[in-house]
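Below is one structure, written out as structure tokens; comments come after it.
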Amino acid sequence: MATSPKLDAKIPEGPLQEKWTKFRSTVPLVNPANKRNLEIIVVGSGLAGSSAAASLAELGYKVKVFCFQDSARRAHSIAAQGGINAAKNYQNDGDSVYRLFYDTIKGGDYRAREANVYRLAEVSANIIDQCVAQGVPFAREYGGYLSNRSFGGTQVQRTFYAAGQTGQQLLLGAYSALMRQVALGQVKMYTRHEMLNIVMIDGKCRGIIARNLITGELERHFGHAVILASGGYGNVFYLSTNAMGSNATAIWKAHKKGAFFGNPCFTQIHPTCIPVSGEHQSKLTLMSESLRNDGRIWVPKKLEDAKAIREGRLNPNDIKEEDRDYYLERRYPAFGNLVPRDVASRAAKERCDAGFGVNATGEAVFLDFAYNLKYKYGMMEANKRGIKNPTEQQLKELGRPIVEEKYGNLFDMYKQITGVDPYENPMMIYPAVHYTMGGLWVDYHLMTTVPGLYALGEANFSDHGANRLGASALMQGLADGYFIIPYTIGAYLSNEIKTKPISTNHEAFVQAENEVKDQINKLMNVKGKHSVDHFHKKLGKIMWNKCGMARNAKGLQEAIEEIRSLREEFWKDVKVPGSDKEFNPELEKAGRVADFLELGELMCIDALHRNESCGGHFREEYQTEDGEALRDDANFSYVAAWEFKELGKWELHKEELKFENIKVAQRSYK
Ligand SMILES: Cc1cc2nc3c(=O)[nH]c(=O)nc-3n(C[C@H](O)[C@H](O)[C@H](O)COP(=O)(O)OP(=O)(O)OC[C@H]3O[C@@H](n4cnc5c(N)ncnc54)[C@H](O)[C@@H]3O)c2cc1C
């Protein structure tokens, strides 16, 4: 299969290990005096946006940063819990840049670009040094070394963490770097602003239209280049672990102006979330994957035990060891509870579909710490203290402080939400939407198919193929922002030094603003009966049932039709109260859901066309005898990049994936 002529990934020539070094040494530079005259717009202040903005401003560019929250510090990245990967090999357990590269390509089910993933693994170690220098308080061993733990899909310990709040600590580091530049006048920060369109002049992206969310005013902003670091679109499913405000609008508006959308259907369903509790829920909560280091996942072996637990007649602690099915350890002995997320999620669904679910809805499995709390940590403490033949109670008491130190905030969160104490009883978990591997297609420079428009972090189609390994999103976002874009953007801007700032009175700005005005007026004037959430929930159900953890052709065809008619209904019957000249969160939501109603359709079209299973994209028609994903490398070893033609109509372009440094194989964690 040949790559579409419209997709030039610009992968440097030469051996994999030398590509990035050579690129960095030969990429055109912009001299410091010229940098001062070049303006860059960054949409997003999460880890990708903040790190990019701070680094570009430090280099001397003039930067404007936009976010819809009241502070850059509130970007969704703050929610990240478990950790960030880096090939430091501090544990001396066999890690290397190549191994991180290999794990990531394999984890993504061979649907990611080799050159990008290798570069990611290469710069991973620099990220940790950068963050430590900023004062990020990573967990440390007794001797002072940085501590590591394991995440899924790997057999080494390479995950750096700060208790269960790694994202928060990393974001505080990036935020400090950003605010330093704000104080120096190099960055101008626009909080409570939402980007609602990009501005195209002579085929290049030259700015954005943003709405001041407090006053409702529309603003025009010029930039020599625009970077979208606006996060993922998991909220298309309504219920997800993402922050409520996370949305697709920035990338969707760019998509409609020419930026191709890569692999839209690749969605990550995370296996360890607090199960759905009812119809009125608007958010799901993640229990970090780090918990799978010490938590063992099981369901009862006997259907009657599962039924008794569901009906509250049996306490799980009373089920004997031999009557428990540690199904991940049974099915995947080599990786056990630390198989990748797509594999763990499907295995949980399989057990629950077979009737072994343990909560009232039958959609939950146990994540149990009792064993390691007592026999790993309790026993270690007992040995340290010379306690011979400790009792069960002693082991529990000795192990608890260690578990508390590692996972305390996550345990507290679980207890606050469910009312159950996980030190005493196993947690109940079930898979939920968590991350989107799809996003705007970008080349090696992280530029989209629109010249001058870049996408970073979760907003791009990323380095994770069809399934992201845990602790790799933070790594990718920070790699993009601190270490990649500062080099690659020079290749473009070195040709822009003669471009003077373009007046925002230019016809293209007026037109882009008018498009935004028209959409807002349309939304305000429907004056229908149903709230925005009413439609969002309906969309979420279609997506979850027909384009979620398992998909099939019939369901996807139905979903496409259902989404189209839901979209029609939305534009006839949505109710947006208040006015557009004031702070109006319902209007904000309405715009975002309008975009989800278009994106959802594309996700289903993408899922329908990919007649294979890979990573998080599990087509029921394509599975091995034992229920594993069955790839079709001969026909689908490509990135699907969709070009928007008109609503409901897209053209598919393919970027062939070539694997020259890794042997493509059936993925196995057994
Ligand atoms: C609960 C949870 C836990 C996680 N834990 C981990 C973990 O332990 N390790 C790991 O590697 N990954 C983890 N992830 C994934 C990771 O947190 C995200 O992928 C990552 O933080 C995304 O960063 P980002 O900078 O790309 O986007 P975000 O942090 O989502 O930031 C998006 C920014 O864009 C702005 N924005 C969006 N649209 C607009 C617009 N139209 N106009 C203006 N501004 C806009 C927002 O205001 C925000 O500032 C977790 C995810 C979740 C949901």
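The values are calculated or read from the model by the stated rules, or taken from the named source; none is laboratory data. Quantities reported herein were computed from a predicted structural model and do not represent experimental measurements. Ideal geometry is used to build each Cβ from the backbone, glycine not excepted, and the neighbour counts take in all protein chains shown.
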Exercise. When segment 75-102 is examined, which residues are found to be touching a strand residue (DSSP E or B) at 6+ places or on another chain (Cβ under 9 Å) and not in a loop (DSSP other than H, G, I, E, B)?
Worked result: Ala79, Ile84, Asn85, Leu100
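Being more than 16 Å from the ligand (Cβ to nearest atom) and within 30 Å of Leu587 (Cβ to Cβ) is true for just one of Ile520, Ile497, Ile502, Ile489. Which residue is that?
Ile502
Out of everything in segment 606-636 that is in a loop (DSSP other than H, G, I, E, B) and farther than 21 Å from Tyr669 by Cβ, what residue ends up being nearest to the chain's Cα centre (by Cα)? Spell out the reasoning first.
So the first thing to find is which residues in segment 606-636 are in a loop (DSSP other than H, G, I, E, B), and the list is 610-613, 615-616, 618, 620-622, 624-628, 630-632.
Next, only the ones that are farther than 21 Å from Tyr669 by Cβ stay: 610-611, 621.
On the way: Arg610: 21, Asn611: 24, Glu621: 27 Å.
My answer is Arg610.
Among the candidates Leu16, Leu38, Leu59, which residue alone is in contact with a strand residue (DSSP E or B) (Cβ under 8 Å, 6 or more places away or on another chain) and at pLDDT 95 or above? Can you show your working first?
Details: Leu16 fails: in contact with a strand residue (DSSP E or B) (Cβ under 8 Å, 6 or more places away or on another chain); Leu59 fails: in contact with a strand residue (DSSP E or B) (Cβ under 8 Å, 6 or more places away or on another chain).
Of the residues listed, the single one that is in contact with a strand residue (DSSP E or B) (Cβ under 8 Å, 6 or more places away or on another chain) and at pLDDT 95 or above is Leu38.
Just to be sure I understand, how many residues within segment 56-74 are part of a loop (DSSP other than H, G, I, E, B), surrounded by fewer than 19 Cβ atoms within 10 Å (Cβ to Cβ) and touching a helix residue (DSSP H, G or I) at 6+ places or on another chain (Cβ under 8 Å)? Break it down into steps so the answer makes sense when it comes.
If we filter segment 56-74 for residues that are part of a loop (DSSP other than H, G, I, E, B), which is where we start, we get 60-61, 67-71.
With the extra rule that they be surrounded by fewer than 19 Cβ atoms within 10 Å (Cβ to Cβ), the set shrinks to 60, 69-71.
Then drop every residue that is not touching a helix residue (DSSP H, G or I) at 6+ places or on another chain (Cβ under 8 Å), which leaves 60.
Total meeting the criteria: 1.
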Exercise. In segment 237-256, which residue that is of a type in the set (A, V, I, L, M) and part of a helix (DSSP H, G or I) is farthest from Ala641 (Cα to Cα)?
Worked result: Ala250
For this session: Kindly indicate which of Met447, Met437 is away from the ligand (no atom under 16 Å from the Cβ), at pLDDT 95 or above and buried (at least 24 other Cβ atoms within 10 Å of the Cβ).
Result: Met447
Exercise. Out of all the residues in segment 311-330, is one or more surrounded by 17 or more Cβ atoms within 10 Å (Cβ to Cβ), within 16 Å of the ligand (Cβ to nearest atom) and not in a helix (DSSP H, G or I)?
Worked result: no
Exercise. Conditions: (1) touching a helix residue (DSSP H, G or I) at 6+ places or on another chain (Cβ under 8 Å); (2) farther than 30 Å from Lys645 by Cα; (3) within 16 Å of the ligand (Cβ to nearest atom). Gln281 meets all but one. Number of the miss?
Worked result: (1)
Exercise. Which condition number in (1) charged (D, E, K, R); (2) in contact (Cβ under 8 Å) with a residue 60 or more places away in the chain; (3) surrounded by 15 or more Cβ atoms within 10 Å (Cβ to Cβ) is the one that Glu569 fails?
Worked result: (2)
For this session: Evaluate segment 260-272: report whether one residue or more is surrounded by fewer than 21 Cβ atoms within 10 Å (Cβ to Cβ) and either under 20 Å from Gly439 (Cα atoms) or within 12 Å of the ligand (Cβ to nearest atom) (or both).
Result: no
For this session: Could you run through segment 450-468 and say how many residues are assigned to a loop (DSSP other than H, G, I, E, B) and either within 15 Å of the ligand (Cβ to nearest atom) or small (Gly, Ala, Ser) (or both)?
Result: 10
Exercise. Looking at segment 236-253, which of the residues that are more than 10 Å from the ligand (Cβ to nearest atom) and crowded, with 24+ Cβ neighbours inside 10 Å is nearest to Leu196 (Cα to Cα)?
Worked result: Val236
For this session: Considering only segment 450-470, state which residues are at pLDDT 95 or above and at positive phi.
Result: Gly452, Gly457, Gly465
Exercise. Does any residue in segment 284-305 that is within 9 Å of Leu367 (Cβ to Cβ) come within less than 8 Å, Cβ to Cβ, of a residue that is small (Gly, Ala, Ser) and more than 16 Å from the ligand (Cβ to nearest atom) six or more places away or on a different chain, and which pairs are these?
Worked result: Ile297/Ala348
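Could you list, in sequence order, the residues of segment 78-87 that are crowded, with 24+ Cβ neighbours inside 10 Å and either more than 8 Å from the ligand (Cβ to nearest atom) or within 17 Å of Ala250 (Cα to Cα) (or both)?
Quick first cut of segment 78-87, residues crowded, with 24+ Cβ neighbours inside 10 Å only: 80-86.
The one that is crowded, with 24+ Cβ neighbours inside 10 Å and either more than 8 Å from the ligand (Cβ to nearest atom) or within 17 Å of Ala250 (Cα to Cα) (or both): Ala86.
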Exercise. Checking Arg24 against (1) in contact with a Gly (Cβ under 9 Å, 6 or more places away or on another chain); (2) of a type outside the set (A, V, I, L, M, F, W, C); (3) outside any loop (DSSP other than H, G, I, E, B), which single condition isn't satisfied?
Worked result: (1)
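Report, by residue number, each residue of segment 359-410 that is charged (D, E, K, R) and in a helix (DSSP H, G or I).
Filtering segment 359-410 for residues charged (D, E, K, R) gives 363, 368, 374, 376, 381, 384-385, 388, 392, 396-397, 400, 404-406.
Matches in segment 359-410: Lys374, Lys376, Glu381, Lys384, Glu392, Lys396, Glu397, Arg400, Glu404, Glu405, Lys406.
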Exercise. Does segment 7-17 include one or more residues that are farther than 17 Å from Val182 by Cα and in a helix (DSSP H, G or I)?
Worked result: yes
For this session: Assess whether Ser290 counts as being among the hydroxyl-bearing types (Ser, Thr, Tyr), crowded, with 23+ Cβ neighbours inside 10 Å and assigned by TED's automatic domain parsing to the domain that holds Asn359.
Result: yes
For this session: Within segment 21-28, identify whether any single residue is in contact with a Pro (Cβ under 7 Å, 6 or more places away or on another chain), of a type outside the set (Ser, Thr, Tyr) and surrounded by 19 or more Cβ atoms within 10 Å (Cβ to Cβ), and answer yes or no.
Result: yes
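Output the residue which, of all residues in segment 469-479 that are more than 8 Å from the ligand (Cβ to nearest atom) and closer than 17 Å to Val442 by Cβ, is farthest from the chain's Cα centre (by Cα).
Step one: filter segment 469-479 for residues more than 8 Å from the ligand (Cβ to nearest atom), giving 469, 478-479.
Those still in the list that are closer than 17 Å to Val442 by Cβ too: 478-479.
On the way: Leu478: 13, Ala479: 14 Å.
Checking each candidate, the answer is Ala479.
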For this session: Go through (1) more than 17 Å from Asn584 (Cα to Cα); (2) of a type outside the set (Lys, Arg); (3) in contact (Cβ under 8 Å) with a residue 24 or more places away in the chain and name the single condition Glu507 misses.
Result: (3)
